1. Would a scan of region 148-158 turn up a residue that is in a helix (DSSP H, G or I), of a type outside the set (A, V, I, L, M, F, W, C) and surrounded by fewer than 10 Cβ atoms within 10 Å (Cβ to Cβ)?
2. Is there a residue being outside any strand (DSSP E or B) and in contact (Cβ under 8 Å) with a residue 40 or more places away in the chain anywhere in region 75-86?
3. Using the structure shown, decide if Glu94 is among the charged types (D, E, K, R), more than 20 Å from Lys125 (Cβ to Cβ) and open to solvent by 40 Å² or more (accessible area, probe 1.4 Å).
4. Kindly indicate whether Thr106 is open to solvent by less than 50 Å² (accessible area, probe 1.4 Å), over 20 Å from the mean Cα position of the chain (by Cα), β-branched (Val, Ile, Thr) and more than 30 Å from Gly28 (Cβ to Cβ).
Amino acid sequence: MPSQQTINGILDFASKLNEIDLEVLRKGLELANRHRKVEQAVEHDLAGWGLNARQIEILESLYHNPEGTLTPADLSDEVSLTRSAMTSALDSLERQGYTVRSSHPTDRRMVVISLTKTGLAFIEKHLPERYRKVHRIVSCLSEKERDCMLRSYTKIFEFISSDADEGCVS
C-alpha cells in the first residue's frame, strides 16, 4: 500500500472534490493494494518454476486445447494479455523451448502456437501442484465468501467495462 504520507495526500486532495466519499476511496485503495499483494505472492510462488503467471496460463491453455494449438490472438484473449505483451511472452516461452510457432494450417498469413515436448513435459509436471495450490488457497474461504468475491469482482469488471465503453467515441 502507498505510504501513510501518500494516502494522506490522496485523501487531502480528494477532500476538495465534492462527489468523493473519502472512506470509499480509502477502501478502494486498500482493495487495490490487497489485490496487488495477492498477485505478487502468486508471482513469487511461480518464480521457482522460472515463469510468470501469464506464461503458465499460456502453457495451460495450449495443454487443455483439444487441437493443441492456438493463434497468438486467441491466446491473448484466453489469458487477458495485450497483443504486444503476448508477443513478448511467446518469445520468452519459445526461447526456453516450451512453445513453437508454426504456419497456420489453413491461412498462410497466420501462425499457431503449440507446446514442444519440453513444454508438454513441463506443464504436465506442474499442473497437479498448481491445481492443488489453487484449491488449498481458495479453500480458506467459505463457499459464501467465494461466491461473494466472485460476484464482487464480476460487478467491478462489468462496471469498468461499461464505463470504458461509454467513454469510447464512435
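The values are calculated or read from the model by the stated rules, or taken from the named source; none is laboratory data. Keep in mind it's a predicted model, so treat the numbers as computed, not measured. Virtual Cβ from ideal backbone geometry, glycine too; neighbours counted across all protein chains shown. In case anyone asks, the SASA skips ligands and DNA or RNA and just uses the protein heavy atoms, side chains included. Shrake-Rupley method; radii C 1.70, N 1.55, O 1.52, S 1.80 Å.
1. If we filter region 148-158 for residues that are in a helix (DSSP H, G or I), which is where we start, we get 148-158.
Adding the requirement that they be of a type outside the set (A, V, I, L, M, F, W, C) leaves 151-155, 158.
Narrowing the set further to residues that are surrounded by fewer than 10 Cβ atoms within 10 Å (Cβ to Cβ) leaves none.
Looking for residues that are in a helix (DSSP H, G or I), of a type outside the set (A, V, I, L, M, F, W, C) and surrounded by fewer than 10 Cβ atoms within 10 Å (Cβ to Cβ), one finds none in region 148-158, hence no.
2. Just the residues of region 75-86 that are outside any strand (DSSP E or B), to begin with: 75-86.
When the remaining residues are screened for being in contact (Cβ under 8 Å) with a residue 40 or more places away in the chain, the result is none.
No, region 75-86 contains no residue that is outside any strand (DSSP E or B) and in contact (Cβ under 8 Å) with a residue 40 or more places away in the chain.
3. Numbers: among the charged types (D, E, K, R): yes; more than 20 Å from Lys125 (Cβ to Cβ): no; open to solvent by 40 Å² or more (accessible area, probe 1.4 Å): yes.
Criteria not met by Glu94.
4. Values: open to solvent by less than 50 Å² (accessible area, probe 1.4 Å): no; over 20 Å from the mean Cα position of the chain (by Cα): yes; β-branched (Val, Ile, Thr): yes; more than 30 Å from Gly28 (Cβ to Cβ): yes.
It is false that Thr106 is open to solvent by less than 50 Å² (accessible area, probe 1.4 Å), over 20 Å from the mean Cα position of the chain (by Cα), β-branched (Val, Ile, Thr) and more than 30 Å from Gly28 (Cβ to Cβ).
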